[in-house]
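The values are calculated or read from the model by the stated rules, or taken from the named source; none is laboratory data. Everything quoted here is computed from the prediction, not taken from an experiment. Note that we place each Cβ from the backbone using ideal geometry, even for glycine, and neighbour counts take in every protein chain shown.
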């Protein structure tokens, strides 16, 4: 019985990843064709800032959520409510950290990127925290299909909004960032809906013992996640440092295509 469930979960996950891959390639084509190398590089750098903050600041709460949800030693509605509180708190701190990075390192790390665009990209920080912390509850209760459906919805919504923003409204890079925000928001709303259903409600009262346990558990693997992120993404900073956003655009497309091959091993 368990083997059959595992096989179905694996098949659903693989299918959703292949579908997201195909739609993602289409999205990349639109981004490159409309924005060109310069705009594509600017977009890559703008997205790198919130992704970096979320990677550094999530403290492994996502995997800890899977662990404690599965163990059922903390009520699910408490986990959901406190994960939302953590996402808001860490999101606020992440925005402050992002503003500090922009103020101190814009000329070196984000050369050629408008301050307004970098500030706009920071709206993704609390939203990404929220989506990550809420969605992992579904893994904890083995709702594999719903977990993958959220990824599919986000991918489709991003493609549709990118096409609308770039081709219909001619919004260029700010439109691409806005499309990312809207697609993440849609995925977050769906994730919250399903997580609330499986949790039997939501308890927004702070539970500091749970928060402490979640961060203590998650931080054990957090350092390796940070190092992996730096290993895979610090090269974008280096390309922009020595060259320019247009070079980043070419490089980001090449790296993105090469990384699609990881789908097989994952």
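Some notes on this structure:
- Residue count for the range 19-35, restricted to those that are out of contact with any helix residue (DSSP H, G or I) (no Cβ under 7 Å at 6 or more places or on another chain) and touching a residue at least 40 places away in the same chain (Cβ under 8 Å): 1
- Sole residue being modelled with pLDDT of 95 or more, out of contact with any strand residue (DSSP E or B) (no Cβ under 6 Å at 6 or more places or on another chain) and in a helix (DSSP H, G or I), chosen from 91, 24, 15: 91
- Residue match in the range 54-73 (condition: surrounded by 15 or more Cβ atoms within 10 Å (Cβ to Cβ), touching a residue at least 60 places away in the same chain (Cβ under 8 Å), at positive phi and not in a helix (DSSP H, G or I)): yes
- In this structure, residue 141 does not qualify as farther than 21 Å from residue 15 by Cα and out of contact with any strand residue (DSSP E or B) (no Cβ under 8 Å at 6 or more places or on another chain).
- Test: residue in the range 197-218 that is at pLDDT below 95, closer than 24 Å to residue 49 by Cα and not in a helix (DSSP H, G or I): no
- Hey, residue 44 buried (at least 19 other Cβ atoms within 10 Å of the Cβ) and in a helix (DSSP H, G or I) or not: yes
- Test for residue 159: is it touching a residue at least 60 places away in the same chain (Cβ under 8 Å), surrounded by fewer than 23 Cβ atoms within 10 Å (Cβ to Cβ) and over 17 Å from residue 80 (Cβ atoms): yes
- Search result, residues across the range 112-133 that are more than 21 Å from residue 176 (Cβ to Cβ) and surrounded by fewer than 18 Cβ atoms within 10 Å (Cβ to Cβ): none
- Candidates 192, 181, 237 - the one that is part of a helix (DSSP H, G or I), under 19 Å from residue 27 (Cα atoms) and modelled with pLDDT of 90 or more: 181
- Residue check, residue 109 modelled with pLDDT under 95, surrounded by 19 or more Cβ atoms within 10 Å (Cβ to Cβ) and either under 27 Å from residue 27 (Cα atoms) or more than 17 Å from the chain's Cα centre (by Cα) (or both): yes
- The range 182-223, residues that are without any contact (Cβ under 8 Å) to a residue 40 or more places away in the chain and either buried (at least 17 other Cβ atoms within 10 Å of the Cβ) or under 16 Å from the mean Cα position of the chain (by Cα) (or both): 182, 183, 186, 189
- Considering residues of the range 144-156 that are over 28 Å from residue 175 (Cβ atoms) and at pLDDT 95 or above only, the residue surrounded by the most Cβ atoms within 10 Å (Cβ to Cβ): 147
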